[in-house]
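Below you will find the structure I want to go over with you.
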Amino acid sequence: MVGAKMIGSTFKITSGQTAAATSVPGALQPSITISDQALQNGTVTIAQIVSNGNWWVVIHRQNSDGTMGPYIGYTMLKNGINTNVVVKIDTSLATPVLYAMLHEDHGIIGKLEFPGPDNPVYVNGQMVAPPFNVTGLVQDVTINIQKASGSVSFLTDGQGNSLYLSLNDAPGISNCSPTCLTVWKPLLAEKRVNAGPGVLQANLGVILLQSGAHQVTYKGAPLYYYYKDINPGDTNGQGIGGVWFLVTP
């Protein structure tokens, strides 16, 4: 009391939390949200990345066996939520399936060191590395040899997909009709055709199709994929109709 007057002030309660508690946000779970897309000026765009530090997003290519391969592009992220992240990649090394992978930044800060101290980020025991499909690739074609056994081998493309020839074709000429081409997809080349280990470059060539595309040949035989071969190394087209066979080197 001050004299005959009580000392008292009014105040409002707006929350059961203290000011200190409301000013500190909870940690967000690291994540990457990305969609299939067409390449734009040699870049890919990631819709959203949640990063718990100034980390890296690293774009990896796919190996021929379907596993994740080396990285072909990267950029640094800010701590928190990053939207519409654009990453420049080496399109000459890109594959139709890519991976957007989250890496921490250790060692020399601000320098990507992987393999090295910049470890992949794990959530619930799983790497944060969603795959996504890209279109618009213009790549070299590489012809490799796949060994089926000690004495049996056949040709594949650079991703390990089996290649076939048709006995109905003539050297340097494809006789596959439009209906045939819905089952047997020609191996097309938009840039160079390269010989992998054990393949002679002199045996490789291209022919011009009526569509204007260039089909790869081996010793003059046009090369095809079989539409029911889903995974690298599948050979479901071998011997079909007594006409279609894997290409032996």
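No lab work stands behind these numbers, since they all come straight from the coordinates. Keep in mind the model is a prediction, meaning the values are calculated, not measured. Glycine gets a Cβ as well: all are built from the backbone with ideal geometry, and neighbour counts include every protein chain shown.
Using a Gaussian network for the chain with springs between C-alpha atoms less than 10 Å apart, which of these wobbles most: GLY172, GLY205, GLY107?
Among GLY172, GLY205, GLY107, the largest mean-square fluctuation in the Gaussian network model of the chain belongs to GLY107.
If you don't mind, another one. Take HIS60, HIS214 and order them by how many other Cβ atoms sit within 10 Å, fewest up front.
Ascending number of Cβ neighbours within 10 Å: HIS214, HIS60.
Let me ask something additional. Using a Gaussian network model of the chain whose springs link C-alpha atoms within less than 10 Å, name the residue from ASN161, ASN175, ASN52 with the highest mean-square fluctuation.
ASN175
Oh, and also: Which value results for Rg/Rh of segment 141-246 when Rg is the Cα radius of gyration and Rh the Kirkwood radius based on the inverse mean 1/r?
Values: Rg = 12.9 Å, Rh = 13.8 Å.
For segment 141-246, the value is 0.93.
For segment 180-249, state which chymotrypsin sites (Phe, Trp or Tyr not before Pro) are in a DSSP loop and have at most 16 other beta carbons lying within 10 Å of their beta carbon.
Sites meeting the loop and neighbour criteria: TYR227.
Given points 7 Å out from each Cα along the Cα-Cβ axis, report the THR33 to SER151 separation in nanometres with one decimal.
About 5.9 nm, to one decimal.
Now for a separate question. Taking every pair of alpha-carbon atoms in segment 27-135, what share in percent sits in each 5 Å bin, from 0 to the bin with the longest distance?
Final binned percentages: 2, 13, 25, 26, 21, 11, 3, 0.
Any of LYS147/LYS191; LYS78/LYS111; LYS88/LYS111; LYS191/LYS228 with alpha carbons more than 22 Å apart? Name them for me.
Where the Cα-Cα span goes over 22 Å, the pairs concerned are LYS147/LYS191; LYS191/LYS228.
Round to the nearest 0.05 the FRET efficiency obtained for ASN84 and GLN159 when R0 = 41 Å and r is the Cβ-Cβ distance.
Taking R0 as 41 Å, the efficiency between ASN84 and GLN159 is 0.90.
Between LEU181 and THR43, what's the calculated FRET efficiency when r is the beta-carbon distance and R0 is 35 Å? Round to 0.05.
Plugging the Cβ-Cβ distance into 1/(1 + (r/R0)^6) gives 0.60.
Going by average Cβ neighbours within 10 Å, how do the peptides 162-169, 76-83 rank, with the highest at the top?
Packing proxy ranking, top to bottom: 162-169, 76-83.
Taking the beta-carbon count within 10 Å as an exposure proxy, list VAL128, VAL57 from fewest neighbours to most.
Ordered from fewest to most neighbouring Cβ atoms within 10 Å, VAL128, VAL57 come out as VAL128, VAL57.
For the chain, what's the relative contact order in percent, using C-alpha pairs closer than 8 Å and at least 6 residues apart?
15
Between segment 214-249 and segment 111-125, what's the alpha-carbon centroid distance in Å?
Between the Cα centre of segment 214-249 and that of segment 111-125, the gap is 40 Å.
Also, quick follow-up: If I build a Gaussian network model for the chain, linking alpha-carbon pairs within less than 10 angstrom, which residue out of ILE145, ILE108, ILE72 has the largest mean-square fluctuation?
The residue with the greatest mean-square fluctuation here is ILE108.
Could you compute how fast the chain diffuses translationally, taking Rh as the Kirkwood radius over C-alpha pairs and applying Stokes-Einstein at 10 °C with viscosity 1.306 mPa s? Give it in µm² per second.
Approximately 72 µm²/s, per Stokes-Einstein.
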